[in-house]
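Heads up, the thing below is written out as structure tokens.
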Amino acid sequence: MESASLLDKQEEARTTPSSFTHGVLLSTSVAVAGSFCYGCAMSYTSPAQSKIMEELGLSVADYSFFTSLMTLGGMITAAVSGKIAALIGRRRTMWISDVCCLFGWLAVAFAHDVMLLNIGRLFLGFGVGLISYVVPVYIAEITPKTFRGGFSFTNQLLQCLGISLMFFTGNFFRWRTLALLSAIPCAVQLIGLFFIPESPRWLAMYGRDQELEVTLTRLRGENFDVLEEAEEIRETVEISRRESQSGIKDLFHVRNAQPLIIGLGLMLMQQFSGSAAISAYAASIFDKAGFPINIGTTILAAVLVPQSIVVILTVDRWGRRPLLLLSSTGVCICSFLIGLSYYLQKPGEVQTICSVLLIVGIIGHVSFFCIGLGGLPWVIMSEIFPVNVKITAGSLVTVSSWFFSWVIIYSFNFMMQWSASGTYFTFSGVSLVTIVFIWILVPETKGRTLEEIQASLVRFS
């Protein structure tokens, strides 16, 4: 009996990784260098705004257009990123994104006119549109299921690190130097891609069985029996191929009405909460309120990464709905505080109170957004759509998210010229509507199978 038990334990050890390997660690590190570049691109326009407008003679409209071009580029490549990654592989897709980003950063760094500046920003959008899809997919496909959650969150962590770096270094470097520094992670990833394997799932899609097993051995270690996992991957790929044949018409069937409303509604309210505007225009937000820019952006940089780590460690203990409701409520209150700080703005003692309201509001806004609205809409989107329309639905919702982001980033400066307090009172109102929307329509998905979730939505509709 003891001998049989020992054999069972040895067999389990060969088929269940007890720890992640150097191969997984290296591959994830290279992949999230793209996420770091994405974070830099998101927040580059905050510290660069005043000097670019001054040196190149840009108006508010010109700079708003320049900033929003990244989201337009992202919207274009996001629409085809899934097909590109399926056709040429995850590694080659990351390689293309790096080429686009490197060209974009160099064009911005050496721009002496508006046209080259805008072309550079557009190519950055092409690159990050691909990054936003392929990096989380690649990480999910190379990591063992026991570690997948933690490794997947490194994508969001590195984005926050990139945003923090721009906020902090923007106090010391000129905008051209910042662009060159931001190109470094792209170059690192471009070189690192030569040393990491292709996704096992993609290899299985094209019947490259020998390469699949070699790659799994490299990722899981020499002592791991990869045959069972390789067979599971092949079966999963075959099932997905059979069940994912539906097109756009099936997506708009009445039984998919509620999932579609939930998916698009959450993306709309995620972007219209105004979080993207803080990333893109933090410096001008502080300047408009009379708060020292270098102090404000440094505080934001110091808070973002530790707060993201806390979220990573605690998010799985809560359900989706409670976190979304908490996040929306916090963003609603903090947006109101920011609006109030602008509304009450006067010289003297009141100005000190306004400054406190502003910094508390902005830090709270970013923190509450991160714990729910920042990432959970994407999680819920992956859970509520049936398998036969999941790819089509994912493309539609992703493109919609980029479009909504473009609307906010382009219009934000004009809204602030209209009324700074009114802008954030509007964001607060949108967050209030978000609370009601989540309370009425969004189901709890934690601890339920995908079939149970989708069956409950069909019954509800």
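The values are calculated or read from the model by the stated rules, or taken from the named source; none is laboratory data. Fair warning: this is a prediction, and the values are worked out from it, not measured in the lab. Note that each Cβ is placed from the backbone with ideal geometry, even for glycine, and that neighbours are counted across all protein chains shown. To get the accessible areas, we keep the full protein, side chains included, count just its heavy atoms, and leave off ligands, DNA and RNA. Shrake-Rupley method; radii C 1.70, N 1.55, O 1.52, S 1.80 Å.
Once both labels are modelled 7 Å past Cα along the beta-carbon direction, what's the Ile76-Tyr206 spacing in nm?
Output for this residue pair reads 2.6 nm.
Which length gain, in nm to one decimal place, applies between Glu235 and Val99 when the Cα-Cα distance is subtracted from 0.36 nm times their residue separation?
Net length gain for the segment: 45.5 nm.
Computed over the Cα atoms, what is the radius of gyration of region 20-196 divided by 2.2 N^0.38 Å, N being its residue count?
In units of the 2.2 N^0.38 Å rule of thumb, it is 1.03.
Probe radius 1.4 Å, ligands and nucleic acids ignored: give me the carbon and sulfur share of the accessible area of region 20-196 as a rounded percent.
The nonpolar share, carbon plus sulfur, comes to 75 percent.
Counting only other residues whose beta carbon sits under 13 Å from that of Arg91, what net charge do I get with K and R as +1, D and E as -1?
Value of the local net charge: -1.
What distance in nm separates the two pseudo spin-label positions at Leu25 and Arg176, each 7 Å out from Cα along the beta-carbon direction?
Those two pseudo-labels are separated by 4.1 nm.
For the modelled label position 7 Å from the Cα of His112 along Cα-to-Cβ, which residues of region 47-72 have backbone nitrogen atoms closer than 14 Å?
It comes to 56, nothing else.
What net charge is computed for the residues neighbouring Tyr44, neighbours being all others with C-beta under 13 Å from the C-beta of Tyr44, Lys and Arg scored +1, Asp and Glu -1?
+4
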